[in-house]
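The values are calculated or read from the model by the stated rules, or taken from the named source; none is laboratory data. Not measured: the values here are computed from a predicted model. Positions of Cβ are backbone-derived with ideal geometry, glycine not excepted, and every protein chain shown enters the neighbour counts. Ligands, DNA and RNA are excluded from the accessible area calculation, which covers all protein heavy atoms including side chains. Shrake-Rupley method; radii C 1.70, N 1.55, O 1.52, S 1.80 Å.
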Amino acid sequence: MTAARDVRRLFTIEEYAALEKVGDARYEYWDGEIVCMSGGSRAHYLISDNAFTLLKAAARERECLAASGQCPVVSGDQSYYRYPDASVSCDPVFKEILGIDVLTNPLVLVEVTSPTTESADHKAKRDAYQTIESLREYVIVEQDEPKVTLYVREGDEWTREVIKGIEGNFRLPSLVCEIALRNLYENVF
């Protein structure tokens, strides 16, 4: 009798691109695995919408483009892309990858955690995003408590700051703006 194996089907990038073109959902491609990014909790989509709204106002002041979670962003190796919950780019440049237009030069990226993405948001996505030459700030927003982890690029180094509590706020140097957690978590807490 042979032992049962955990067999996982891996997909090619072409299979992934075909799914992206015909599906209504958003998917990310991670080393052969296709991960559905649609759905989520009420808190997740409210925080995502709030982040986009706040970034849009700040971007408008600098004549930059803010995008919602529907805009894919290419990682630094220019081969695969992800769907952050919000992004900002000044002088945006888009590139077609396998028939999908992706943003190549984000300045700010925001991810709202969920129970299934929290680990990736703090490690794998952060590592991938930090290879993007144009990126200056990466913001991870927790959905279960008012807490933000902010990564800011200073030269070749990244600094990390954790902001906790609904009365907290953080600064995005690239957009010369300050965001209050009270506004980010509006209608959530």
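Below, the figures for the structure above:
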item: The chain: relative contact order as a whole-number percent, Cα under 8 Å and 6+ apart; result: 16
item: Kirkwood-type radius of the stretch 86-189, with distances r between different C-alpha atoms, in Å; result: 14.5
item: For the stretch 38-150, convex hull of alpha carbons as volume per residue, Å³; result: 97
item: The stretch 86-189: relative contact order as a whole-number percent, Cα under 8 Å and 6+ apart; result: 17
item: Paramagnetic label zone (point 7 Å from Cα along Cα-to-C-beta, CYS36; backbone N under 18 Å) in the stretch 91-127; result: 114-118
item: Cross-link pairs LYS56/LYS147; LYS95/LYS164; LYS21/LYS164 - those with Cα-Cα distance over 31 Å; result: LYS95/LYS164; LYS21/LYS164
item: Helical mean residue ellipticity (222 nm; -39500 (n - 2.57) per DSSP H run of 4+; nearest 500) of the chain; result: -6500 deg cm²/dmol
item: Radius 13 Å from Cβ of PHE189, net charge of other residues (Lys, Arg +1; Asp, Glu -1); result: -1
item: Alpha carbon Rg of the chain, scaled by the compact-globule rule 2.2 N^0.38 Å; result: 1.06
item: Surface per residue (accessible, 1.4 Å probe) for the chain, Å²; result: 54
item: Under Karplus coefficients 6.51, -1.76 and 1.60, residue-wise ³J(HN,Hα) of the stretch 137-154 in Hz, glycine/proline x; result: 9, 10, 10, 10, 10, 6, 9, 8, 7, x, 8, 10, 10, 10, 10, 10, 7, 10
item: Free-standing Cys, the chain [no other Cys Cβ under 4.7 Å]; result: CYS36, CYS71, CYS177
item: Residue with peak Gaussian network fluctuation, the chain [Cα springs, cutoff 10 Å], from VAL162, VAL148, VAL108; result: VAL162
item: ARG182-VAL93 FRET efficiency (beta carbon distance; Förster radius 30 Å; 0.05 resolution); result: 0.30
